[in-house]
Amino acid sequence: EGDRPGKMVSPSQRRAAAAVIIEELDISQRKACQIVGISRTTLRRPLAASTPDDPDAAFREHLRAYAAAHPRWGYRRAHHDAVAAGWRVNHKKTQRIWREEGLRVPLRRHRKRRGMSTTPAVKAQYPNHIWAIDFQYDTTDDGRKFRSVSIIDECTRESLADHTAASITGRDVIALIDRIAAQRGYPQILRSDNGPEFVCDAVAAWAEQKLDLLFIPPGQPWHNGYVESFHARQRDECLNLHIFGSIAEARAVIAAWHKEYNTLRPHSALGYKTPAAYAADYAAAA
C-alpha cells in the first residue's frame, strides 16, 4: 500500500529501468526489455528532448523558467499563462512536457474532516457583499513571532489589505477595515472566526453601525473557506519559501506577494483570470 514503490507506467520509466537492469545485472537488451515490458526499438530510440533537433526545446526552457519563478504553481496555470504569452500548444502537450521535465508540484494530502455541517453557508453574490478576515502566524529567523491579517472579498477573491505586526488588536482591525472602506465602501457582511479580536466590545460596537458580523462555528475553519484557502496559498507560495530576518522584512515580502496574487496570479475559480482582472470585468459588465 503506502510503502510500496509506484508502478512503471511511462516509456521513459521503463527505459530507465531497463538501462539499470542491463548495467547492474549484465544481461542482454532483449532480456531486460522483456522484464520491463518494452520493445528494443523503444529502448534504442533517442528521446526528442535529448537531441539537438528537439522541436520543443524553447518551450521546455520556458516551462523550466516558469516553474523556477513559481515553484508551487502547477501545469494548468503554466499552460494558461503560456497561451496568453503566445505559445501555440494544447494542455496535453504542456502537461506531458511538464512531467518530462520533472516539474510536477508534490500534492499535500489533507485529512478528511469528520462531522462537517451540511447546512448551506451564506455565499457572496457580488463584490463587497461578504468580506472574510483571518490571521496567520509565522516567526523570524531569530524566533520572534508575528501575525499577518488578511481580508478577502469572497466574490472577486481579491486580497483587499494585509497587515503584519508582532501584535494586532481589535482596534487595529477596525482601523484596517475603515481604510479599505474609505476607498470601496463597507461590505454587507464580515465573516470571521470567534477570535478575541472580533468578539471584543470595541469591534461589536463599531460593527453595529457599519456591517453585519458573521461568526463561523467554533472549531470549524472550513466555514471560512475562502480566506483559509488564501492563507494556504500564502503559506505555500510565500511564507514557506522565505526566511525573514525581521518583522519589517516579513511585512514587505507579504505585501509584495499580495500584490502578485491580485494582479499576476491567475485564479482557477475565476476562469484563470487574476482577481483584479475579474473585478474589473465584473464592474464593466454591471
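Can you find even one residue in region 136-148 that is open to solvent by less than 10 Å² (accessible area, probe 1.4 Å), closer than 21 Å to HIS267 by Cβ, part of a strand (DSSP E or B) and modelled with pLDDT of 90 or more?
Scanning region 136-148, I find at least one residue that is open to solvent by less than 10 Å² (accessible area, probe 1.4 Å), closer than 21 Å to HIS267 by Cβ, part of a strand (DSSP E or B) and modelled with pLDDT of 90 or more, so the answer is yes.
How many of the residues making up region 254-286 are under 30 Å from GLY143 (Cα atoms), open to solvent by less than 30 Å² (accessible area, probe 1.4 Å) and without any contact (Cβ under 8 Å) to a residue 60 or more places away in the chain?
Looking only at that region, the number is 1.
Every residue in region 234-253 that is β-branched (Val, Ile, Thr), touching a residue at least 24 places away in the same chain (Cβ under 8 Å) and out of contact with any strand residue (DSSP E or B) (no Cβ under 7 Å at 6 or more places or on another chain), please.
ILE243
Report, ordered by the first and then the second residue, all pairs with beta carbons closer than 8 Å, sequence separation of six or more or different chains, a first member in region 16-35 that is without any contact (Cβ under 8 Å) to a residue 40 or more places away in the chain and over 22 Å from GLU100 (Cα atoms), and a second member that is of a type in the set (Val, Ile, Thr) and surrounded by 16 or more Cβ atoms within 10 Å (Cβ to Cβ).
Taking only residues 6 or more apart or on different chains, the pairs are ILE27/ILE21; SER28/ILE22; GLN29/ILE22; ALA32/ILE21; ALA32/ILE22; ILE35/ILE21.
Starting from residues that are hydrophobic (A, V, I, L, M, F, W, C) and in contact (Cβ under 8 Å) with a residue 40 or more places away in the chain, keep the ones in region 181-194 and report whichever is most open to solvent (accessible area, probe 1.4 Å).
In this case the residue turns out to be ILE189.
Just one of the numbered conditions (1) modelled with pLDDT of 90 or more; (2) not charged (D, E, K, R); (3) not in a helix (DSSP H, G or I) is not true of HIS258; which one?
Against the list (1) modelled with pLDDT of 90 or more; (2) not charged (D, E, K, R); (3) not in a helix (DSSP H, G or I), HIS258 comes up short only on (3).
Yes or no: ARG171 touching a Pro at 6+ places or on another chain (Cβ under 6 Å), of a type in the set (D, E, K, R) and either crowded, with 22+ Cβ neighbours inside 10 Å or more than 22 Å from GLN125 (Cβ to Cβ) (or both)?
no
Any residue at all in region 212-222 that's β-branched (Val, Ile, Thr) and either assigned to a helix (DSSP H, G or I) or over 20 Å from ALA252 (Cβ atoms) (or both)?
Yes, because at least one residue in region 212-222 is β-branched (Val, Ile, Thr) and either assigned to a helix (DSSP H, G or I) or over 20 Å from ALA252 (Cβ atoms) (or both).
Restricting to region 97-108, count the residues that are modelled with pLDDT of 80 or more and touching a helix residue (DSSP H, G or I) at 6+ places or on another chain (Cβ under 7 Å).
5
Among the listed residues GLU249, GLU197, GLU208, which satisfies the condition of being in a helix (DSSP H, G or I), open to solvent by 70 Å² or more (accessible area, probe 1.4 Å) and within 29 Å of THR140 (Cα to Cα)?
GLU249
For region 109-126, indicate whether the set of residues that are crowded, with 17+ Cβ neighbours inside 10 Å, assigned to a loop (DSSP other than H, G, I, E, B) and at pLDDT below 90 is non-empty.
Yes, the conditions are met somewhere in region 109-126.
What's the total number of residues in region 261-286 that are outside any helix (DSSP H, G or I) and either in contact with a strand residue (DSSP E or B) (Cβ under 7 Å, 6 or more places away or on another chain) or not charged (D, E, K, R) (or both)?
8
Please go through (1) touching a helix residue (DSSP H, G or I) at 6+ places or on another chain (Cβ under 8 Å); (2) open to solvent by 30 Å² or more (accessible area, probe 1.4 Å); (3) in contact (Cβ under 8 Å) with a residue 24 or more places away in the chain for TRP73 and return the number of the only condition it doesn't satisfy.
If we test TRP73 against (1) touching a helix residue (DSSP H, G or I) at 6+ places or on another chain (Cβ under 8 Å); (2) open to solvent by 30 Å² or more (accessible area, probe 1.4 Å); (3) in contact (Cβ under 8 Å) with a residue 24 or more places away in the chain, just (2) comes out false.
Look at THR164 and say whether it is open to solvent by less than 50 Å² (accessible area, probe 1.4 Å), of a type in the set (Ser, Thr, Tyr) and not in a loop (DSSP other than H, G, I, E, B).
Considered against the rule, which asks whether it is open to solvent by less than 50 Å² (accessible area, probe 1.4 Å), of a type in the set (Ser, Thr, Tyr) and not in a loop (DSSP other than H, G, I, E, B), THR164 comes out as yes.
In region 229-246, how many residues are open to solvent by 70 Å² or more (accessible area, probe 1.4 Å) and either of a type in the set (Asp, Glu) or on the phi > 0 side of the Ramachandran plot (or both)?
Total satisfying the criteria: 0.
So, THR94, is that one part of a helix (DSSP H, G or I) and at pLDDT below 85 or not?
Criteria not met by THR94.
The values are calculated or read from the model by the stated rules, or taken from the named source; none is laboratory data. Bear in mind that the values here come from a model prediction, so they are computed numbers and not experimental data. Backbone-built Cβ (ideal geometry, glycine too); neighbour counts: all protein chains shown. Remember, those area values only see protein heavy atoms, side chains included, never the ligands or the DNA or RNA. Shrake-Rupley method; radii C 1.70, N 1.55, O 1.52, S 1.80 Å.
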